[in-house]
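To keep things clear, I will list the structure first and then write my remarks on it.
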Amino acid sequence: MSDVSAASPAASAELARPPALAIPAPVRLLAGAQAMGRAEMQKLRHDYLDLITRSVQPLLWLFVFGTALRHNRTLAAGTGDYRAYIAPGIMAQAALFIAIFFGLAVIWERDVGQLQRMLATPLPRTAIVLGKCAGSGVRAFVQAAVLLIVLAIASIGPRWSVLGVAGALVLLVIGTGAFAAMSMLIASGVKTRERFMGIGQLIMMPLFFASSALYPLSIMPGWLHAVARVNPLTYEVQGLRQMLLGVGGKGELWLDFLVVVGFFVAMVAAATKAYPRAIL
């Protein structure tokens, strides 16, 4: 009897602890996404060099490519300085470069057995995908912050309003997460990193050049304009340009957010469904 009573506090505590499946699904999803997001943040803390080197590429686009065409009024589309016009575009492009190769982590995790261990945990698959999307979004946020600081120092372009900058960063993080989820979806069906690199390049370059990142939609030929209109990167860039510069798709900011958020939801759902297949 004494043994039973001595053991009862531990037993009652164990019974009081709800099993994982008894926790409401939204709570488990949020907790799992936070856990995965913290893991991605830990990686970033030990990867400063990668962030620094990735920040160089958009600066090259801005000060080399942008300066070469600086006084082209047609491309500047009313901004007066082509460097200002392409700043939102190269911000989105740099984030796309981060996101599109995020699927490499899925292949690496599968090769070392980490993916199998994650899929064996009670974490919802959506939480795993959202956590990785958060990691890509933070990397894009840091790059964008560096670029904005450089723009401020060089006195290039943006309207410095709190709402405009904050809204642009939110849109950029959502768009980056969407492309990261698309990258994970592709990686779930690819067996080697070399093949994924080739597919990533094949997808990334048309997405970038068939958007309004480098030139306005108004000067595109009809067929390219039609392609750009179904390219989610176009809406991300238009939203960034409208909030940072006040030019672009005027009156369409709600549509830009709607398309980017819809693309994010669709890609997360598709990546969640495909993620278990990544271990095969």
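Every number in this text was worked out from the coordinates using simple rules, so none of it is lab data. Quantities reported herein were computed from a predicted structural model and do not represent experimental measurements. We place every Cβ from the backbone using ideal geometry, glycine too, and count neighbours over all the protein chains shown.
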- Name the residues whose placed amide hydrogens come within less than 5 Å of the amide hydrogen of S211, ignoring near sequence neighbours (fewer than 5 apart) on the same chain. none
- Task: Extending each Cα 7 Å along its Cβ direction at L30 and I203, get the distance between those two points in nm, one decimal.
- Result: 3.1
- Note on the structure: P(r) of the range 33-279 over all Cα-Cα pairs, 10 Å bins starting at 0, rounded to whole percent, reads 8, 32, 35, 18, 6, 0
- Computed from every Cα-Cα pair in the range 59-198, P(r) in 5 Å bins starting at 0 and rounded to whole percents is 2, 10, 16, 17, 16, 12, 10, 8, 6, 3, 1, 0
- Message: I need the phi-derived Karplus couplings for the range 60-77: 6.51 cos²θ - 1.76 cosθ + 1.60, θ = phi - 60°, integer Hz, Gly and Pro marked x.
- Response: 5, 4, 5, 9, 9, 5, x, 5, 4, 10, 4, 9, 7, 5, 5, 6, 5, 6
- FRET efficiency estimate (nearest 0.05) - Cβ-Cβ, V112 to E194, R0 22 angstrom: 0.85
- Task: Per residue of the range 149-162, in order, report the coupling 6.51 cos²θ - 1.76 cosθ + 1.60 (Karplus, θ = phi - 60°) as ³J(HN,Hα) in whole Hz, putting x for Gly and Pro.
- Result: 4, 5, 4, 5, 5, 7, 6, 10, x, x, 7, 8, 10, 4
- Query: Quick one: Debye curve from the C-alpha atoms of the range 139-226, no solvent, what's log10 I(q)/I(0) at q = 0.16, 0.17 Å⁻¹?
  - Reply: -0.91, -0.98
- Query: Simple spin-label model, 7 Å along Cα-to-Cβ: I149 to H225 in nm?
  - Reply: 4.1
- Query: Each residue of the range 204-214 in turn: what ³J(HN,Hα) in whole Hz from Karplus with 6.51, -1.76, 1.60 and θ = phi - 60°, glycine and Pro shown as x?
  - Reply: 5, 5, x, 4, 6, 6, 9, 9, 9, 5, 10
